[in-house]
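Colleague: I am attaching a structure below and will ask some questions about it afterwards.
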Amino acid sequence: MTALSSQARWTRVLMDQNRSLIYGAGWGRFYVIESREALDPALLSVLGLGRCTLQDSLADPVERIAHDRPSFRESRVEAPAYALGLAYLLLRASRWVPLCWMARLVYAAGVRAPRQRRTVSEIGRTLFEVERVVGFEDCYPRALMTLYLCARARRPCDLVVGCLAPTRLMHAWCSCLGVLPYEPLPEHYMYQPLYVRSFDAQC
C-alpha cells in the first residue's frame, strides 16, 4: 500500500510599497494585489492558498541539475514508450486546468501505478528522450511528467512555480531530493519561487 502526502508553501513578491505579486494555485495564474490583501483569509481561500503556508521567502529546492541538453549531445537517443509521448502531449494540452489540480492527479496516478525503479539520472534521460521525440520543449508538461516519474519510482519531489520578477513570466520545474533531473537550458535559477508543493510517497 502506498500513502500519498503533500504540503504546499507560498510567498509573495513585492512590486512596490502597495502591491504584491502572488501565484493563485487554485486558478493557476499570477495576480497583482494590494499587499494588505495578501493576508485576507477569504481571498486566499478563493485563490487556492487558504491551506498553504505563507513564508517570507521560498528557497529553490534545486541544488544541482542532473542533465541538461548538452549532456546528451553525443548520446544515442532511444525512443521512449509511446504512452509517455502521448502523456506529454496531453499534459501540455491540460494548461486550462490549474497546475495544483493536475499535480495531484498526476502524482496520484504515479503512486498507484506499478513501481518502476529509476534513478534521478534515468528520469532525466527519459524526459530528454520524450521531448526529443515529441519535437518541442515545454516546462509545464516536463514538470508534471517529472512528478509522475518520481511518483512511479516512489521518490519524494518538489513542484515549483516561479516568476521572472517583476514580470508575470512563469516557469515550472520539479526536483527530486534537491536534484533537477532534466532542464534543457538551466534557466530555473532566474525565476523566483512563489509556490512549492512537496510530495512524499511512502510504501
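The values are calculated or read from the model by the stated rules, or taken from the named source; none is laboratory data. Just so it is clear, the structure is predicted and the values come from calculations on it, not from any experiment. Heads up, the Cβs are rebuilt from the backbone with ideal geometry, glycines too, and the neighbour counts pull from every protein chain shown.
Colleague: Only one of ARG154, ARG132 is on the phi > 0 side of the Ramachandran plot and basic (Lys, Arg). Can you tell me which? Explain how you work it out, then say what you get.
Modeller: Details: ARG132 fails: on the phi > 0 side of the Ramachandran plot.
On inspection, the qualifying residue turns out to be ARG154.
Colleague: Still on this structure, please answer the following. Determine which member of the set ALA87, ALA103 is in a helix (DSSP H, G or I) and more than 16 Å from TRP173 (Cα to Cα). Working first, answer last.
Modeller: Values: ALA103 fails: more than 16 Å from TRP173 (Cα to Cα).
Only one candidate qualifies: ALA87.
Colleague: Counting only residues that are surrounded by fewer than 17 Cβ atoms within 10 Å (Cβ to Cβ), out of contact with any Gly (no Cβ under 6 Å at 6 or more places or on another chain) and among the hydrophobic types (A, V, I, L, M, F, W, C), how many does region 121-155 have?
Modeller: 1
Colleague: Within region 4-32, which residues are of a type in the set (A, V, I, L, M) and farther than 25 Å from ASP158 by Cβ?
Modeller: MET15, VAL32
Colleague: If you go through region 134-151, how many residues are over 10 Å from TYR88 (Cβ atoms) and without any contact (Cβ under 8 Å) to a residue 12 or more places away in the chain?
Modeller: Within region 134-151, residues that are over 10 Å from TYR88 (Cβ atoms) and without any contact (Cβ under 8 Å) to a residue 12 or more places away in the chain number 1.
Colleague: So which pairs qualify, if the first residue must be in region 42-54 and on the phi > 0 side of the Ramachandran plot, the second must be surrounded by fewer than 21 Cβ atoms within 10 Å (Cβ to Cβ) and at pLDDT below 90, the Cβ gap must be under 6 Å, and the two must be at least 6 apart or on different chains?
Modeller: Once the first residue is on the phi > 0 side of the Ramachandran plot and sits in region 42-54, its partners that are surrounded by fewer than 21 Cβ atoms within 10 Å (Cβ to Cβ) and at pLDDT below 90 give GLY48/GLY26.
Colleague: Quickly run through region 85-120 and pick out the residues that are basic (Lys, Arg) and either surrounded by 14 or more Cβ atoms within 10 Å (Cβ to Cβ) or over 17 Å from GLY48 (Cβ atoms) (or both).
Modeller: Taking region 85-120 as the starting set, the residues that turn out to be basic (Lys, Arg) are 92, 95, 104, 112, 115, 117-118.
Across region 85-120, the qualifying residues are ARG92, ARG104, ARG112, ARG115, ARG117, ARG118.
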